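Just below is one structure, and these are the notes that go with it.
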Amino acid sequence: MRIVSVVGTRPQLIKAAALLPALRARHEDVFVDTGQHYDDAMAGAFFAELGLPPPDHALGVAGGTQAEQTARMLAALEPVLLDERPDAVLVYGDTNSTLAGALAAAKLTIPVAHVEAGLRSFDRRMPEEVNRVVADHLSRWCFAPTPTAVTNLAAEGIVDGVALVGDVLQDLAARTAAEVRDPSALAAVGSVLVGEAPGVRLSPGGYLFATVHRASNRDPAALRLWADLLGAVATDERPVVLPLHPGTAAALTAAGIELAPGVRVVSPVGYRTALTLQLHAAAVLTDSGGVQREAAWLQVPCLVLRDTTEWLEAVERSGGRMVVVGLDVDRAMSELARLAPPADAPALAATRARELVLPPVGAGEAISAALDQGADDR
């Protein structure tokens, strides 16, 4: 098949790095980057780090409101699809790039394949929830990462074309795990980050790792809550390392909110650096679905800074190691005391890294094979 793959954000580039080798082994792929994550720190560096080919089409669409961005993506994607004439358009996850790719293809009657189909937070206030629901209902192929995702699709009447394939991100994490296990990997990261956060000393279990980027956590009230939460859990002895998303940084500045000294802000980091920082941390605090899953695979204690999550299996199968705490400071403090007490966290982190075994699930091969079968059925 001739497939146009649409990406636009850092998480989608990571998923594409996991899927493209298997996809291109069977199919002809045209790689399109909308430019939704438009600065080099958020996206550009990932092409080199992950071994991704340069995009066949770079649309340069970035900024603006949700509606403005999606509209510009639609206008830019339509001529690409008319010119490339693909047999299918493949989209990832739940971003504006996903929504635009699915809509542009559907309007041109091109079949849509959705990777990470069926995920639901059941919170329509989240733009990501709207994007993923629409993409699923427009898709000819729905590639579900979890059994719950399959159940969600069935509850909405989507049965045909659904395949439980596993999580493409686990395959990439499995390929990368051996590179980040040794404490020397953390030392190398620390030698780089000290330039941005002077005085920060990274040792196994000696820091907390955090990410915050969801639109819901950029509301002024939410900004204050999670800024206070991170300030409460950070200490001089165990700081919070926070790679700060540019959009989140801008929201903090606009709201006049300064983070506590124990929250050490650094620029967005690459994929291997993020995995290294997660694996060797005392615990992870995040509103990111991708980081939440990575923490689960790495068996790192994780506090989810949201009231709901679409990754229910990650929580349910964690043995209490992953907890949805929202922005409740007292709950976060209590769970960190239980999951990562300062006296025990260094030994726990060292043992976790030393004993890490992370098998791949073969999601990329399953997706490529299903598309192959779909071509035979046409």
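The values are calculated or read from the model by the stated rules, or taken from the named source; none is laboratory data. None of these values were measured; they are calculated from a predicted model. All Cβ positions, even for glycine, are placed from backbone atoms using ideal geometry, and neighbour counts span all protein chains on display. These accessible areas exclude ligands, DNA and RNA; they are computed on the full protein's heavy atoms, side chains included. Shrake-Rupley method; radii C 1.70, N 1.55, O 1.52, S 1.80 Å.
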Selection count, the range 158-180, where residues are open to solvent by 60 Å² or more (accessible area, probe 1.4 Å), of a type outside the set (Val, Ile, Thr) and outside any helix (DSSP H, G or I)
2
For the range 48-59, indicate whether the set of residues that are on the phi < 0 side of the Ramachandran plot and part of a helix (DSSP H, G or I) is non-empty.
yes
What pairs come out if I take residues in the range 237-264 that are closer than 16 Å to residue 214 by Cβ and open to solvent by less than 20 Å² (accessible area, probe 1.4 Å) and pair them with residues that are modelled with pLDDT of 95 or more and in a loop (DSSP other than H, G, I, E, B) whose C-beta lies under 7 Å away, six or more apart or interchain?
248/212
Looking for whichever is over 16 Å from the mean Cα position of the chain (by Cα) and either crowded, with 16+ Cβ neighbours inside 10 Å or more than 22 Å from residue 218 (Cα to Cα) (or both) here; the options are 120, 26. Which one fits?
26
Kindly provide the set of residues from the range 181-204 that are hydroxyl-bearing (Ser, Thr, Tyr) and open to solvent by 60 Å² or more (accessible area, probe 1.4 Å), ordered by number.
184, 191
Does residue 45 count as at pLDDT below 90, in a helix (DSSP H, G or I), touching a helix residue (DSSP H, G or I) at 6+ places or on another chain (Cβ under 8 Å) and more than 18 Å from residue 77 (Cα to Cα)?
no
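Conditions (1) in contact (Cβ under 8 Å) with a residue 12 or more places away in the chain; (2) not in a strand (DSSP E or B), marked per residue:
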position	(1), (2)
68	no, yes
89	yes, no
119	yes, yes
133	yes, yes
142	yes, no
152	yes, yes
If I filter the range 107-116 down to residues being touching a helix residue (DSSP H, G or I) at 6+ places or on another chain (Cβ under 6 Å) and not β-branched (Val, Ile, Thr), which single residue comes out as most open to solvent (accessible area, probe 1.4 Å)?
108
Give the residues of the range 351-378 that are within 30 Å of residue 27 (Cβ to Cβ) and open to solvent by 80 Å² or more (accessible area, probe 1.4 Å), sorted by residue number.
360, 365, 373, 376, 377, 378
For residue 104, only one of the following conditions fails: (1) farther than 23 Å from residue 362 by Cα; (2) surrounded by fewer than 20 Cβ atoms within 10 Å (Cβ to Cβ); (3) of a type outside the set (Val, Ile, Thr). What is its number?
(2)
Can you name the residue in the range 126-149 that is open to solvent by 50 Å² or more (accessible area, probe 1.4 Å) and more than 15 Å from residue 96 (Cα to Cα) and is also farthest from the chain's Cα centre (by Cα) among such residues?
140
Filter result for residue 195 (in a loop (DSSP other than H, G, I, E, B), of a type in the set (Gly, Ala, Ser) and over 22 Å from the mean Cα position of the chain (by Cα)):
yes
Out of the residues in the range 74-101 meeting the condition of being acidic (Asp, Glu) and more than 16 Å from the chain's Cα centre (by Cα), tell me which one is surrounded by the fewest Cβ atoms within 10 Å (Cβ to Cβ).
83
Got a sec? Which of 263, 241 is within 23 Å of residue 352 (Cβ to Cβ) and among the β-branched types (Val, Ile, Thr)?
241
Test residue 35 against the criterion of being surrounded by fewer than 17 Cβ atoms within 10 Å (Cβ to Cβ) and on the phi > 0 side of the Ramachandran plot, and give yes or no.
no
Might you check whether a residue that is under 19 Å from residue 193 (Cα atoms) and touching a helix residue (DSSP H, G or I) at 6+ places or on another chain (Cβ under 8 Å) occurs anywhere in the range 214-236?
no
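Yes or no, residue by residue, for (1) of a type in the set (Asp, Glu); (2) on the phi > 0 side of the Ramachandran plot:
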site: 241; (1), (2): no, no
site: 258; (1), (2): yes, no
site: 271; (1), (2): no, no
site: 285; (1), (2): no, no
site: 295; (1), (2): no, no
site: 309; (1), (2): no, no
site: 323; (1), (2): no, no
site: 326; (1), (2): no, yes
Would you pick out the residues in the range 284-315 that are small (Gly, Ala, Ser) and at pLDDT 95 or above?
295, 296
So, in the range 302-350, of the ones that are hydroxyl-bearing (Ser, Thr, Tyr) and without any contact (Cβ under 8 Å) to a residue 40 or more places away in the chain, which residue ends up most open to solvent (accessible area, probe 1.4 Å)?
334
Cβ-Cβ below 8 Å, separation at least six or inter-chain, first residue in the range 15-28 and more than 20 Å from residue 98 (Cα to Cα) and touching a residue at least 60 places away in the same chain (Cβ under 8 Å), second surrounded by fewer than 23 Cβ atoms within 10 Å (Cβ to Cβ) and of a type in the set (D, E, K, R): which pairs?
22/365; 26/372; 27/2; 27/372
